[in-house]
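Data first, discussion second: the structure below is written as structure tokens.
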Amino acid sequence: MLSFTLSPVTSYPKFMLSVPTDIVVPAALRHAKDSAPVQSMRKVFFSNPKNLFIAIPFLILFLLKIALEHSDGIWSVICLSMSFFYINQRIKNAACKFEPKWLACSTSAVGLLGLLCLQCAFRKEGVYRSLFCAPSYISSDDWVGLLWSILVTDFSLKLITMFLKSIVIALSPRPLGVYPRSVVLVWMEFASQIYRSIVPVVPWIRFLTELGISPRLNPTAVIVMFALIYVLLKIFSLWLLVSPIWSAFKSLNLTVPYSTVVGISSPEGEMCVLCFENRNQLSAALRCGHVFCKNCLDRWLIYFNECPVCSSKINDEFKDWRDGSTSRCVQLF
């Protein structure tokens, strides 16, 4: 038999290179290597339509489940928002004499009656207490109920403000002229926005200060910190609301910026440049000397602060909300 004996290799060729064992891999390469599977998974998920066919129906199913659980609250917010937009348009048209005043009053009264029915339906939640800056009966840890109550309260205050505006519009121009009425409407809207921004303070403070955390974290310090941060944010938001219009708001006055001319008919061929008809016997003359129909000029001054002919400045007063409109902004926090 043949036998072979393997002898250990005692020498290596000189041309062989020694491989270092302490090779340092750059961090960027390691990150790319680690993130490669994640990127490939994302690519596979979004490139494969089957995954989207599963994810989208599940998301819809989840949203439907949430909507069914809070269907009453969702429908109440929808009804309040639709009522707000409709009544707001009626009041604007009535202020500009595009629609009769009784239409704005009747629609705002119906909206206020619907609001009363809504508050009676949800009287167990005590949402009506939020109208007077008092806490509602909704649990403080229910953030969905918190947002719902804030939305309902904000729209409720808007409907109440619009009802008061419709009364002011219906009473004018006998106690007030059209121009002084527009100034009063601006004051009402400004006060409404300030009050609506203050109302959410109580529910949010109640929500932020009731914590279920471990005693090791010093709950009192956390509560004070949360409340302090919220108060600072609220003060800053109020400053952002008041500062742009405060200077213009102080200049608002009830004095009309024109003189009324009564009993003088316009010469033949001379017409009002706003309505393109012969001026009636009740006309209004600006300081620049141009004369217009009083009703036309009142409607013009609701939106503009300059002469419609020479564009000379009439005043520097605030132009927003003079048509009786209400801000669409929702005060959530």
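Only the coordinates and a few stated rules stand behind these numbers; no lab work does. Quick caveat, the model's predicted, so the values are computed rather than measured. Cβ sites come from the backbone with ideal geometry, for glycine too, and all protein chains shown count toward neighbours.
Of the chymotrypsin sites (Phe, Trp or Tyr not before Pro) in the stretch 103-198, the ones in a loop by DSSP (not H, G, I, E or B) with at most 14 other beta carbons within 10 Å are 137. Along the charge dipole of the stretch 52-251, pointing to its positive end and built from +1/-1 on Cβ of Lys, Arg, Asp and Glu, which listed residue (201, 180, 146) has its Cα farthest out? Among 201, 180, 146, the one farthest towards the positive end of the dipole of the stretch 52-251 is 180. Phi angles across the stretch 292-303 convert, under the Karplus curve 6.51 cos²θ - 1.76 cosθ + 1.60 with θ = phi - 60°, into 3J(HN,Hα) values of 9, 5, 4, 5, 5, 5, 4, 5, 5, 6, 5, 10 Hz, Gly and Pro given as x. In terms of the Cα gyration tensor, with a ≥ b ≥ c the square roots of its eigenvalues, is the stretch 52-251 rounded because a/c is under 1.5, prolate because a/b exceeds b/c, or oblate? Verdict is oblate for the stretch 52-251. In this simple spin-label model, placing a label point 7 Å from the Cα along the Cα-to-Cβ direction at both residue 79 and residue 67 gives a separation of 1.8 nm. With a Cα cut-off of under 17 Å and a minimum spacing of 8 residues unless on different chains, the lysine pairs in the stretch 52-251 number 5.
Taking label points 7 Å from Cα along the Cα-to-Cβ direction, residue 97 and residue 60 give a separation of 5.3 nm. Annotation: amide H of residue 306 within the under-5 Å range of 314, sequence separation 5 or more or interchain, hydrogens built in the peptide plane. Full extension of the chain between residue 110 and residue 233 gives 40.6 nm of extra length, using 0.36 nm per residue less the Cα-Cα distance.
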